[in-house]
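Colleague: What follows is a structure written as structure tokens; I'll ask about it next.
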Amino acid sequence: MRFRQLVSHHRSLFNIPIVGITGSNGKTIVKEWLFQVLKDDFNIVRSPRSYNSQIGVPLSVWQINPENNLGIFEAGISQKGEMSLLERIIRPNIGIFTYLGDAHDAGFENKHEKLAEKLALFEHCQTLIYCLDQTDVDQFIQENYKGKIISWSLNGKGIVNFEIFKSDLSIRIQANFPRECFEVVVPFTDQASLMNICHVIVATYHFNIAPEKIISRISSLSSIVMRVGIKEGINNCMLIDDTYNADFDSLHIALQFLQQQSKNLKNTLVLSDLLQSGILADTLYNKVAKLLIKYNIYKLITIGTESERLGKLLDVLDSHVLYRHFKSSKSFLQHFHSSDFNQETILVKGARDFQLEDIVRSLSKRSHKTALHVDLSALIHNLNVYARLLQPNVKIMAMVKASAYGAGSDEIAKLLQYHNVDYLCVAYTDEGVELRKAGIHLPIMVLNSDESTLELAYQYNLEPEIYSLGLLEALIKQMPVANGQLGVHIKLDTGMNRLGYQAPDLDQLIERLLENPQLIVKSIFTHLAASEDPNEDSFTHLQFEKFQDMTNKITTMLGIEPLLHVLNTSGIGRFKQYQLNMVRLGIGLYGYDANNQISNQLKTVHTFKATVSQVKTIAANETVGYGRRGKTDKVAVIANN
Ligand SMILES: *Cc1c(COP(=O)(O)O)cnc(C)c1O
């Protein structure tokens, strides 16, 4: 009790806006995203991880210091009477109510009582943000809450109204505030994330952040799960390391990520006890058991004490999950045989205290001393930098040719698919086949098809670029008799003088396409030879003119409206007027752009790391290595790998 009073007094020393967040789900994510979106404008103190309990809240609030000008804290409860205790410590002046779940919590008589209890957090709030579409929540707030309300709705009934457009794999949210409207492209597709983002948009706007900033920051929100690492494991396993925290919400996100990354291998979960943010253990683990079945977990290993009950719960649910339990990471390691794990995708998920990092270490493939590291969150950051340069409705084709510029294409393609790019492009058919086998369903364009690989194109629905009459004839010849149909892309040569149709061949191309309507022209494109070089701009404009002339002829004569695209990375920023329907983003995704203004905003994706084995000092005029190639012109300190 003493500590509570001390913290309550500490809180009273600060007269700053404090956001209090509660609800059945989404508290931590809303808190973390709100932090990400506001961190450039405020010096923010927030709850660490999911510290929202009777112990976690005082520890969080205790951190406020005189530099902070905004606090964001979450609160969770399991019984009657608890929220008012938390309210007295947090004293929020702005409230966010995320969502009221249906689950019956043992600590409450009924849903109404649970709601009343949760809303006690907002007793002294001046402003309360909530979703009006939950009618029982709305009714209760209307009747009992006295402060200012900012309700939002997806059905046009709120003070703020959102419309969600799921078009062509990209998700946009239109935010209609009383005085202005704007549209945000969101990097997530699941319903829960969209709801959480709506809360974040309303709260950010309430802090008078300009819509342009909201748009750009929301679009680059990183999924909380991006903190996890993907590693190569022993015996061809893949490891997902998420040993940062463990509560129900973050487990759910991690399982989604597992499903997204899993290569149809068996999915294994190593799980510590979960933080019981106000839920009784049985209720919590029952929910977890159902989740594990839903996500097709093949093998489950629990670490701790509470999580042991998962075994029985899974039995009751008649599941076939293989199950083992250990009291601690140490006891797991004592029984560990590397041969127990084979070709599995292993998610290791747990709270810090359980030291699951020791388990991760023993499941990891002995790391090479020299390795290429690929930063996936940097890649998504770069994607968003370019997405912001696009006019509305311009699609993105991400170039993952040459193994995603050396980064390994499956993981990257999956991530890009998750982040709603519209198209992928590979150099060769077999790269496309690999992606299909890894579960990629985005349309895929193939740059260098040849006769010998067209059968695979049909089989795996890979869309070849057609660049010559010869290739077109081969495509027609190999078309399967039954329901043969294939998307193709016409590549025009407008001055690059590499692959592509030239003007004199167009008549024949058009004639053959008219005769073969099973080949569906998805797009027409050309490649610019020098889009990065201002000295060559007149040539670039000329290429574009040629492209337009040739395209007009094709579309008019075929009576079609395919996607048109010409720009590669360096063209995107320099020729906004040529963005057409789509751009082809290559090297920029990986952090390189010839334009400094853009390249300054990009993050490095690839890092080459090597271990230094020895450092030594050598005199001037010595040589290093074979053939005496390296020469020192002064005394030098050198490192050997
Ligand atoms: C590689 C490639 C691109 C991407 O070029 P970047 O300069 O890496 O953005 C675009 N279009 C075609 C046809 C390509 O082969």
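The values are calculated or read from the model by the stated rules, or taken from the named source; none is laboratory data. If you're wondering where the values come from, they're calculated on a predicted model, not measured in any experiment. In this analysis, Cβ positions are derived from the backbone assuming ideal geometry, glycine residues included, and neighbour counts consider all displayed protein chains.
Colleague: When you scan the stretch 582-598, do you find a residue that is away from the ligand (no atom under 16 Å from the Cβ) and in contact (Cβ under 8 Å) with a residue 24 or more places away in the chain, even just one?
Modeller: Scanning the stretch 582-598 turns up at least one residue that is away from the ligand (no atom under 16 Å from the Cβ) and in contact (Cβ under 8 Å) with a residue 24 or more places away in the chain.
Colleague: Name the single residue, out of those in the stretch 408-426 being assigned to a helix (DSSP H, G or I) and polar (S, T, N, Q), that is farthest from S219 (Cα to Cα). Walk me through how you get there before you give the answer.
Modeller: First, pick out the residues of the stretch 408-426 that are assigned to a helix (DSSP H, G or I): 409-418.
Narrowing further to those that are polar (S, T, N, Q): 409, 417.
Details: S409: 23, Q417: 15 Å.
Across the stretch 408-426, the extreme among qualifying residues is S409.
Colleague: Right, here's the next one. Restricting attention to the stretch 283-329, which residues are over 14 Å from L255 (Cβ atoms) and among the polar types (S, T, N, Q)?
Modeller: Those that are over 14 Å from L255 (Cβ atoms) and among the polar types (S, T, N, Q): T283, N286, T302, T305, S307, S319, S328, S329.
Colleague: Could you tell me whether I554 is closer than 25 Å to A413 by Cα and of a type in the set (A, V, I, L, M)?
Modeller: Values: closer than 25 Å to A413 by Cα: no; of a type in the set (A, V, I, L, M): yes.
For I554, the condition - closer than 25 Å to A413 by Cα and of a type in the set (A, V, I, L, M) - is not met.
Colleague: Which one is surrounded by the most Cβ atoms within 10 Å (Cβ to Cβ) among residues in the stretch 142-194 that are more than 16 Å from the chain's Cα centre (by Cα), in contact (Cβ under 8 Å) with a residue 40 or more places away in the chain and not in a loop (DSSP other than H, G, I, E, B)?
Modeller: Per the stated criteria, the residue is W152.
Colleague: When you scan the stretch 565-641 for strands (runs of 3 or more DSSP E) that lie fully inside it, which ones turn up with 3 or more residues that are more than 23 Å from T551 (Cα to Cα)?
Modeller: Details: elements: 582-585, 606-610, 614-618, 636-640.
The qualifying strands (runs of 3 or more DSSP E) are 606-610, 614-618, 636-640.
Colleague: Ok, one more. Within the stretch 532-539, identify whether any single residue is in contact with a strand residue (DSSP E or B) (Cβ under 9 Å, 6 or more places away or on another chain) and without any contact (Cβ under 8 Å) to a residue 60 or more places away in the chain, and answer yes or no. Even if it seems obvious, please write down each step before you answer.
Modeller: As a first pass, look at the stretch 532-539 and keep what is in contact with a strand residue (DSSP E or B) (Cβ under 9 Å, 6 or more places away or on another chain): none.
Scanning the stretch 532-539, I find no residue that is in contact with a strand residue (DSSP E or B) (Cβ under 9 Å, 6 or more places away or on another chain) and without any contact (Cβ under 8 Å) to a residue 60 or more places away in the chain, so the answer is no.
Colleague: Shifting gears a bit: Y423: within 13 Å of the ligand (Cβ to nearest atom), out of contact with any strand residue (DSSP E or B) (no Cβ under 6 Å at 6 or more places or on another chain) and either more than 21 Å from I572 (Cα to Cα) or touching a residue at least 24 places away in the same chain (Cβ under 8 Å) (or both), yes or no?
Modeller: Against the criterion (within 13 Å of the ligand (Cβ to nearest atom), out of contact with any strand residue (DSSP E or B) (no Cβ under 6 Å at 6 or more places or on another chain) and either more than 21 Å from I572 (Cα to Cα) or touching a residue at least 24 places away in the same chain (Cβ under 8 Å) (or both)), Y423 does not qualify.
Colleague: Another question, then. If you go through the stretch 557-581, how many residues are polar (S, T, N, Q) and either more than 13 Å from the ligand (Cβ to nearest atom) or not assigned by TED's automatic domain parsing to the domain that holds G500 (or both)? Full working, then the answer.
Modeller: In the first step, residues of the stretch 557-581 are kept if they are polar (S, T, N, Q); the result is 568-570, 577, 579, 581.
Adding the requirement that they be either more than 13 Å from the ligand (Cβ to nearest atom) or not assigned by TED's automatic domain parsing to the domain that holds G500 (or both) leaves 577, 579, 581.
The qualifying residues number 3.
Colleague: Taking the stretch 437-454 only, how many residues are within 16 Å of the ligand (Cβ to nearest atom) and touching a residue at least 40 places away in the same chain (Cβ under 8 Å)?
Modeller: Number satisfying all stated conditions: 4.
Colleague: Has the stretch 541-556 got at least one residue that is under 23 Å from L416 (Cβ atoms), more than 11 Å from the ligand (Cβ to nearest atom) and among the β-branched types (V, I, T)?
Modeller: Filtering the stretch 541-556 down to residues under 23 Å from L416 (Cβ atoms) leaves none.
No.
Colleague: Which one of these does I396 not meet: (1) within 16 Å of the ligand (Cβ to nearest atom); (2) at pLDDT below 90; (3) not in a helix (DSSP H, G or I)?
Modeller: Only one criterion is unmet by I396, namely (2).
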